[in-house]
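Chemist: First the structure, which I've put down as structure tokens, then a few questions once you've had a look.
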Amino acid sequence: MRSQHTGILQLARFGDLIQTSPLIQQVKRMRPNASICLFVDARTKAAAEIIDGVDEIVPIDLSRRPWPVKASLAQQTLDSLEWQKSFADRDPLDKLIILNQDPISGAIGELIPATERRGPRLRCVLPAPHRYLTLAVQDRKYNPIHLCEIWAAYSGNRNPVPSPILANNALGTGFAMIEGRDRPSSMKFKRFAINMGAKAAGRRPPWEKLAEIASQLLDSGDCRIVLLGMDEDRASAMKMIRSMPESQRERIIDLCGETTLQDLPGVLSGCDVLISSDTGTLQLASATGTRCIGLFMAGANPVETGPYAENAIAVVRRDTLDFNEQQRDDLNDLPVRTIVSIASNLANREEPDGRNIDASNAFAVLVARPDAVGIRYSPLNKEDSVPLGQGERWLPYLRRLINHEAFRPSGEQVLRAELDEQQLDVLERLIARPDTACTGEERWLGSIAQAFVRETMGLLNAKHESAKLHRS
């Protein structure tokens, strides 16, 4: 059988590349003999090299972005054409999956020789996954579907969506960086990694709060703190270390500015827990199997983009969606004790107790749990009400729209969405009279239903036919 060639165009950031892994795995499941060619921004090539299942990487130089305002789309595309020379004399890809929805990605996608294209294209109707995504994020507090699941819909695979995984050789020698800086001892210390930085100013925790977390962890037992970050985070790391008691300083391993992307997986796998804001490092840690506590604020939403791994923890500011990633919020109320308690639980392989979480705090704590189709975040404290993922009761319907049929735990495919009569009535009303939407959720749902009229009507008709048969 001829080997099949599938291309994936993913020009987004480091963390988004890691979250492309479930799609790659799903494609491999559908086409075990397929080779995967990943088209990436040249600046994220190192991240692409550590993702499992990638057979070829084509880096595209987008370093000139943003281009001058007057630059035409054609000129912007031509500025990135060096990569195309390697494809001039090759057979077309059997399939190209485009994951980015912007004019440059659309133009580049048209230049890649391919027999079939899936994803956003120039001057074409958006396919179901991106049509849903575009509408769902118009009011992000309702969207209950993770980005990994939306992207994985392009594979056509109906198996449950897996978590990201790294290539077998991705761990490298980064672990030696920790061992070489630690005191010689036969004792196995718990290691807590703290990521100091984030490119987005609004998602960068104050070093004073990180110092409190580190100090309380060090007080709780004989452990080590590993500081991670970029060159620009070194100053904050030094301030943090100097602010701490001298007896604690010798138990801090400062690796800020010292790790490459090839080192980072090994460093993270040598730690028991990572505490980090919403960054690529957080996504990478979850793919290594390290337990994670993500800090989500300034527009970051774990329901949409949190680590796609079972039991990942998200400490999220309740009003996160009221801010954007560049807005500095007051983080003096960061729940240090809660973070320290959860980190200690995770390091000891204990499950955090949601009953100890203060539901009145400015931050909520969510945990990632698997369901029949993928990963979903829900409150660790079951009595807590979190203003994210509020459209969860519509999840079977929404998954059907993006071509993800729900699955029973046994793996049997559910052929119709599980909606009750009241939900069916709401959908029928929103299709017939969209102006009757009387709540924020109904307005959000109505815009989606109107964009998927044919699919929604087909579902409603099937339900009515089923009800008639049942009555007869």
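Chemist: Rounded to whole Å, give me the distance from the Cα center of the range 114-132 to that of the range 221-283.
Modeler: So the separation of the two Cα centres works out to 41 Å.
Chemist: Between ALA201 and ASN169, what length comes free when the chain is fully extended (0.36 nm per residue of separation minus the Cα-Cα distance, one decimal in nm)?
Modeler: Working: separation 32, 0.36 × 32 = 11.52 nm, distance 3.31 nm.
Separation in residues times 0.36 nm, less the Cα-Cα distance, equals 8.2 nm.
Chemist: In whole Å, how far is the Cα centre of the range 372-404 from that of the range 11-45?
Modeler: 25
Chemist: With an 8 Å cut-off on Cα pairs and a minimum separation of 6 or more residues, tell me the relative contact order of the range 242-293 in percent.
Modeler: On the way: 35 pairs, mean separation 15.4, N = 52.
This gives 30 percent for the range 242-293.
Chemist: Then there's this: Name the shape class, rounded, prolate or oblate, that the alpha-carbon gyration tensor gives for the range 220-293, where a ≥ b ≥ c are the square roots of its eigenvalues, rounded holds for a/c under 1.5, and otherwise prolate holds if a/b is larger than b/c and oblate otherwise.
Modeler: Because a/c hits 1.5 or more and a/b fails to exceed b/c, the range 220-293 counts as oblate.
Read the figures in this text as sums done on the coordinates, not as results from a lab. Please read all numbers here as calculations on a predicted model, not as lab measurements.
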